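Let me begin by presenting the structure, written as structure tokens, before commenting on it.
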Amino acid sequence: MLNRLKELEDEAREKIEGVSSLDELKTLKVRYLGKKGELTALLRSLGSAPPEERPVIGKKANELRELLERAIESKEQTLRDLQKKDKWEKDRIDVTLPGRPVELGQKHPLTMINDEIKDIFLGLGFQIAYGPEIETDYYNFEALNMPEDHPARDMQDSYYITPQLLLRTHTSPVQIRAMEKQAPKLPVRIIAPGKVYRRDDDATHSPMFHQCEGLVVDTDITFADLKGTLLLFAREMFGPEQKIRLRPSYFPFTEPSAEVDISCIMCGGLGCRVCSSTGWLEILGSGMVHPNVLEVSGYDPRSVTGFAFGMGVERIAMLKYGIGDLRHFFSNDLRFLKQFN
Ligand code: DAH
């Protein structure tokens, strides 16, 4: 029996030493020390040993139990330490790695120009008005002196939703909406920035683009007020040396009407590729508000006058920043957008 004890000891020690997981160790513990374990079974059979050997065997068996308990305990500790170390290795953060930079956004160039336009006109006492992008035929055309069969409608190829509802082709309908809202109070002095839509798509036209409308109505507003306001705008936007030129034009909602040019910002007016050797660049349409437009909006054209203008925001941004293709604004290319930091 003493031999059997020795065998058991050697075998158990070897097994415990060779174990590589906590689960296996638990199985071994049950196998040797459990209620039905081998050492327990051996102790139970103590009765069959010669009586004089019993105390020695009993003592040895108890020593072996203690020894195995300690061996298992220490192995358990070793395995737990290893497990912890593994986990730590896996989750470890390398604090010497360079950090990932947080990318900061910035204003879109069109937003920057829009903000500048707003600042300039707010400084002149204008207020900002907005209108819907889905507009009725009445506000987009009819009230602007463009009845159904008017040829000027052809210049603005439109997106119709129903025969009476369309995506607005310009910001001019906000003129009517703003006047209707405040008539007959004077003065009306608003700008109306926003998106407009036309069936156009090339390097200088996009189906969606931005305009900023301007409208002033009061007693004694003259063409000189229009010219002075736009000259001041051009100088604020493009620099103090900026000149403007007004050319006779035609819009159904203004009379007289004028196209406004600025002296070419590339060549200063000498003539270059950008201005097609003319020295001038067109930036907006304008004119004195047509009496019919005042009338339908609730103002008496015999006692008030007004001027209006409408500019293309993309066009102004392209001129100011020297951008050759309007589609850059809408392609979301960071290489382009990051240049406006
Ligand atoms: N709405 C015109 C267009 O989109 C631009 C325009 C011209 C607006 C003359 C005006 C104006 O207010 O007076 O082509």
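The values are calculated or read from the model by the stated rules, or taken from the named source; none is laboratory data. Since we're looking at a predicted model, the values are computed, not measured. Positions of Cβ are backbone-derived with ideal geometry, glycine not excepted, and every protein chain shown enters the neighbour counts. These accessible areas exclude ligands, DNA and RNA; they are computed on the full protein's heavy atoms, side chains included. Shrake-Rupley method; radii C 1.70, N 1.55, O 1.52, S 1.80 Å.
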Checklist outcome for this item: Taking the stretch 160-183 and the residues there that are in contact (Cβ under 8 Å) with a residue 12 or more places away in the chain and of a type in the set (S, T, N, Q), the one that is nearest to G306 (Cα to Cα) would be Q175
Checklist entry - Yes or no: M318 more than 20 Å from the chain's Cα centre (by Cα), in a helix (DSSP H, G or I) and either assigned by TED's automatic domain parsing to the domain that holds I283 or touching a residue at least 40 places away in the same chain (Cβ under 8 Å) (or both)? => result yes
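Quick one: in the stretch 254-296, which of the residues that are among the charged types (D, E, K, R) and within 16 Å of the ligand (Cβ to nearest atom) is most open to solvent (accessible area, probe 1.4 Å)? So that I can check it myself, show each step before the final result.
Start the filter on the stretch 254-296 by keeping residues that are among the charged types (D, E, K, R), which leaves 255, 259, 261, 273, 282, 295.
Subset that is within 16 Å of the ligand (Cβ to nearest atom): 255, 259, 261, 282.
On the way: E255: 107, E259: 34, D261: 4, E282: 79 Å².
Per the criteria, the residue is E255.
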Checklist entry - Any idea which residue in the stretch 201-217 is least open to solvent (accessible area, probe 1.4 Å), counting only those that are out of contact with any strand residue (DSSP E or B) (no Cβ under 7 Å at 6 or more places or on another chain) and in contact (Cβ under 8 Å) with a residue 60 or more places away in the chain? => result S206
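Hey, can you tell me all the residues within the stretch 115-162 that are part of a strand (DSSP E or B) and not aromatic (F, W, Y)?
If the condition is that a residue be part of a strand (DSSP E or B) and not aromatic (F, W, Y), then Q127, I128, I134, E135, T136, I161, T162 are the ones that fit.
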Checklist entry - Among the residues of the stretch 297-315 satisfying the criterion of being in a loop (DSSP other than H, G, I, E, B) and of a type outside the set (D, E), which is surrounded by the fewest Cβ atoms within 10 Å (Cβ to Cβ)? => result R302
Checklist entry - Here are some residues: T162, T136. Which one is polar (S, T, N, Q), away from the ligand (no atom under 14 Å from the Cβ) and exposed (fewer than 13 other Cβ atoms within 10 Å of the Cβ)? => result T162
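Restricting attention to the stretch 139-159, and to residues there that are charged (D, E, K, R) and without any contact (Cβ under 8 Å) to a residue 12 or more places away in the chain, which single residue is nearest to the ligand (Cβ to nearest atom)?
First pass over the stretch 139-159, keeping only residues charged (D, E, K, R): 142, 148-149, 153-154, 157.
Then keep just the ones that are without any contact (Cβ under 8 Å) to a residue 12 or more places away in the chain; that gives 142, 148-149, 154.
Numbers: E142: 14, E148: 18, D149: 19, D154: 12 Å.
Here the answer is D154.
Looking at R100, is it outside any loop (DSSP other than H, G, I, E, B), without any contact (Cβ under 8 Å) to a residue 60 or more places away in the chain and open to solvent by 70 Å² or more (accessible area, probe 1.4 Å)? Break it down stepwise before answering.
Working: outside any loop (DSSP other than H, G, I, E, B): no; without any contact (Cβ under 8 Å) to a residue 60 or more places away in the chain: yes; open to solvent by 70 Å² or more (accessible area, probe 1.4 Å): yes.
Criteria not met by R100.
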